[in-house]
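The structure appears right after this line, and notes come after that.
The values are calculated or read from the model by the stated rules, or taken from the named source; none is laboratory data. Predicted model only: the values in this text are computed from it and were never measured. All Cβ positions, glycine included, derive from the backbone under ideal geometry; neighbour counts span all protein chains shown.
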Amino acid sequence: MLKYYYLMLMLLSPVALANASNHQPEKTIAQVIELLVAQGFHDISKVEFDHDDNVYEIKARNVNNEKVEIELTTAGQFISVEAD
């Protein structure tokens, strides 16, 4: 029984490594939108995941109704909020 466990572990480890290098975001787009709305952003017109930089790029309006561009980490932490 134990040898089957080790066999499964060996077979699955390349899959885990391949998925780790796939740069899948920790938060979904829906979770990112929820986070932004909770922070007072609205009129969210674009949410994209940039696979090259491994960040979310968002266009929205802030609490002062100004257009902004937002960058978030895959965990949902703010990198930047700039006027658009």
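Overview of results
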{"quantity": "Some residue of segment 12-21 being modelled with pLDDT of 90 or more and among the polar types (S, T, N, Q)", "calculated": "no"}
{"quantity": "Single residue of segment 73-84 satisfying the filter (assigned to a strand (DSSP E or B) and exposed (fewer than 12 other Cβ atoms within 10 Å of the Cβ)) that is nearest to the chain's Cα centre (by Cα)", "calculated": "80"}
{"quantity": "Unique match (being at pLDDT 95 or above, out of contact with any Gly (no Cβ under 9 Å at 6 or more places or on another chain) and of a type outside the set (Asp, Glu)) among 33, 58, 29", "calculated": "58"}
{"quantity": "Count of segment 35-72 residues which are surrounded by 15 or more Cβ atoms within 10 Å (Cβ to Cβ) and assigned to a strand (DSSP E or B)", "calculated": "14"}
